[in-house]
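The values are calculated or read from the model by the stated rules, or taken from the named source; none is laboratory data. The model shown is predicted, which means the values in this text are computed figures rather than measured ones. Here the Cβ positions follow ideal geometry from the backbone for every residue, glycine too, while neighbour counts run over all protein chains shown. These accessible areas exclude ligands, DNA and RNA; they are computed on the full protein's heavy atoms, side chains included. Shrake-Rupley method; radii C 1.70, N 1.55, O 1.52, S 1.80 Å.
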Amino acid sequence: MKHLRYVWLVLALLLGRMPSTAQEETFPTSTFSLYAGPSWYVGKLLGITRQADTYRNDLRKGIAWEADYWYTGSRSSEKAVKVGPGIIYQGGLYKAVHEEGADKIGMHYLALQVGVFFFHKHGLWQVAAGPGYQIYKDKSVVYGKPRDVSMNKLAFNLSGGGEYFLSRHWGISARLNWILSSSNAYSVGYHGKRWQVDDPQTGGGYFGQLSLLFGVDYHF
């Protein structure tokens, strides 16, 4: 019996040192997301084919799409606050037509990010920011002839959103993303020629995108 008590004592010590099932559980460390939704051109409209207020208002309404990758690192509980790096791509399209022509503005933004993630049992909240590069192209038409305007600039974005977990690996989310850049000039191509134009009124201004995006997330 004395030896049996020693055996039980050794087993108790070993079991006490072993992590529980909950402690052993780990969660995905990376997330890939795809989004789409309405977007609004914010700031100054430079180089467009018409300056009327009604036309400018129409041109500001568009659509956006986005792809994100995030690394949040390891965690062993459902509730946690994590800080992790990421990378995002967002594209946007804004277009309008008038009697003498049309504008079709496309913007493509690629950026590195730092995100803060607030995990809970059924989902997460996130805020993020980072610097990037925005490619701006206006494929316009004036009196039936093609015309293009470009402004490729450094940019910065701020975003926030939330996700609801459908399963261990899948979720659905909503995200608000604000991309901001500035320019004091733009390049114009028309009739086979290209030249640089300085904004004659204010010397330039800020421009960018404000997008409300809805998407699906895969955690791995």
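Can Val116 be described as out of contact with any Lys or Arg (no Cβ under 7 Å at 6 or more places or on another chain), in a strand (DSSP E or B) and loosely packed, with under 14 Cβ neighbours inside 10 Å?
It is false that Val116 is out of contact with any Lys or Arg (no Cβ under 7 Å at 6 or more places or on another chain), in a strand (DSSP E or B) and loosely packed, with under 14 Cβ neighbours inside 10 Å.
Do you know which residues across segment 41-66 are in contact with a helix residue (DSSP H, G or I) (Cβ under 9 Å, 6 or more places away or on another chain) and under 13 Å from Met107 (Cβ atoms)? Spell out how you get there, then give the answer.
To start, the set of residues in segment 41-66 that are in contact with a helix residue (DSSP H, G or I) (Cβ under 9 Å, 6 or more places away or on another chain) comprises 41-42, 45, 48-50.
Across segment 41-66, the qualifying residues are Tyr41, Val42, Leu45.
Cβ-Cβ distance below 7 Å, separation of 6 or more or different chains: which pairs start in segment 60-79 with a residue that is farther than 18 Å from Gln126 by Cβ and end on one that is loosely packed, with under 13 Cβ neighbours inside 10 Å?
So the pair list comes out as Ser76/Gln23; Ser76/Glu25; Ser76/Thr26.
Go through (1) outside any loop (DSSP other than H, G, I, E, B); (2) without any contact (Cβ under 8 Å) to a residue 40 or more places away in the chain; (3) not acidic (Asp, Glu) and name the single condition Ser167 misses.
Exception for Ser167: condition (1).
Scan segment 197-220 for residues that are at pLDDT below 90, in a strand (DSSP E or B) and open to solvent by 60 Å² or more (accessible area, probe 1.4 Å) and jot them down.
The one that is at pLDDT below 90, in a strand (DSSP E or B) and open to solvent by 60 Å² or more (accessible area, probe 1.4 Å): Asp198.
Is it true that some residue in segment 87-105 is without any contact (Cβ under 8 Å) to a residue 12 or more places away in the chain, open to solvent by 20 Å² or more (accessible area, probe 1.4 Å), outside any strand (DSSP E or B) and of a type in the set (A, V, I, L, M)?
Within segment 87-105, not a single residue is without any contact (Cβ under 8 Å) to a residue 12 or more places away in the chain, open to solvent by 20 Å² or more (accessible area, probe 1.4 Å), outside any strand (DSSP E or B) and of a type in the set (A, V, I, L, M).
Output the qualifying pairs, or none if there are none: Cβ atoms under 8 angstrom, residues six or more apart or on different chains, first residue in segment 206-220 and farther than 27 Å from Asn184 by Cα, second residue of a type in the set (Lys, Arg).
Leu212/Arg175; Leu213/Arg175; Phe214/Arg175; Gly215/Arg175; His219/Arg168
Would you tally the residues in segment 185-194 being assigned to a strand (DSSP E or B), at pLDDT below 90 and not charged (D, E, K, R)? Full working, then the answer.
From segment 185-194, those assigned to a strand (DSSP E or B) are 185-190, 193-194; that's our starting set.
Of the ones still in play, those that are also at pLDDT below 90 are 185, 193.
Next cut, not charged (D, E, K, R) only: 185.
Total meeting the criteria: 1.
Filter segment 119-134 down to residues that are part of a strand (DSSP E or B) and open to solvent by 90 Å² or more (accessible area, probe 1.4 Å), then give me how many there are.
Count: 2.
Just the residues that are on the phi > 0 side of the Ramachandran plot and surrounded by fewer than 19 Cβ atoms within 10 Å (Cβ to Cβ), please, taken from segment 38-83.
Initial filter on segment 38-83 (on the phi > 0 side of the Ramachandran plot): 43, 47, 73.
Result: Gly43, Gly73.
Among the residues of segment 60-84, write down those that are part of a strand (DSSP E or B) and over 13 Å from the mean Cα position of the chain (by Cα).
The answer is Lys61, Gly62, Ile63, Tyr71, Ala80, Val81, Lys82, Val83, Gly84.
If you check Ser182 against the conditions, is it hydroxyl-bearing (Ser, Thr, Tyr), open to solvent by less than 90 Å² (accessible area, probe 1.4 Å), modelled with pLDDT of 95 or more and under 30 Å from Asp68 (Cα atoms)?
no
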